[in-house]
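Scroll down for the structure; my scribbles are underneath it.
What follows draws every value from the coordinates through simple rules; no lab data is involved. As the structure is a prediction and not an experimental result, all values here were calculated from the model. For neighbour counting, all protein chains shown are included, and Cβ atoms are generated from backbone atoms with ideal geometry for every residue, glycine included.
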């Protein structure tokens with residue numbers, strides 16, 4: 001129960017993954033939002049594998065490794081935002097209708113966003129071990145807790161996708177949203193990338 005509460009707190013507090021889901025849901029509707037949830041939690045598998053292999057310890061003890069992953073994730077978010085602006089420029093000042101991102105790209109980008117989120121790795125290193133009894137098999141217990149983590153994440157993030165996807169679908173009925181919704185993901189990605197890169201915190205916090 002304690003582990004579940006802590007995991008839910010991590011999901012509820014907006015971070016790169018949650019904001020990515022909200023952005024995709026607003027711009028592409030519930031389906032795009034749910035696909036982004038799938039991509040995000042496939043990215044969680046990277047952290048699970050790293051935790052089992054002990055690689056998360058490197059992020060926790062090495063400021064250089066932590067900063068490298070952090071800046072890579074921030075740069076990827078800024079790249080998504082800049083590309084959205086460039087795509088807008090390529091279609092002209094007044095495109096007939098903004099085209100939603102392909103679902104394959106939504107999934108792939110969600111995977112990268114979460115795979116490059118070092119704080120998720122730190123969660124698996126600092127918190128998950130508190131619930132592991134070495135005498136009972138470390139790997140199996142990490143896998144069970146990780147499965148619970150992903151299940152809770154899919155439920156929590158799925159609610160974000162459903163709610164904001166519905167909001168996005170309602171907004172599509174308005175003229176200003178139909179021509180200007182491209183600016184939502186572009187602005188949010190760049191802002192989130194800058195915030196993630198410039199925010200305080202390092203491996204020894």
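Taking 0.36 nm per residue of separation and subtracting the Cα-Cα distance, what length does fully extending residue 194 through residue 104 add?
Details: separation 90, 0.36 × 90 = 32.40 nm, distance 2.53 nm.
Length gained, residue 194 through residue 104: 29.9 nm.
Sorted by average packing, counted as other Cβ atoms within 10 angstrom per residue and highest first, what order do 110-118, 142-150, 3-11 take?
On the way: 110-118: 23.3, 142-150: 17.3, 3-11: 15.1.
Highest-to-lowest ranking by the protection proxy: 110-118, 142-150, 3-11.
If you wrap a convex hull around the Cα atoms of the stretch 1-54, how much volume per residue is inside, in Å³? Could the numbers behind the result be given before it?
Numbers: hull volume 4.8 nm³, N = 54.
Each residue corresponds to 88 Å³ of Cα convex hull volume.
Between residue 67 and residue 5, 0.36 nm times their residue separation minus their Cα-Cα distance comes to what? Provide the component values of the computation, followed by the final result.
Working: separation 62, 0.36 × 62 = 22.32 nm, distance 2.82 nm.
Stretched fully, the residue 67-residue 5 segment lengthens by 19.5 nm.
I'm a student and want to see the number: the projected area of the Cα convex hull of the stretch 120-164, averaged over all directions, in nm².
The orientation-averaged projected area of the Cα hull of the stretch 120-164 comes to 3.4 nm².
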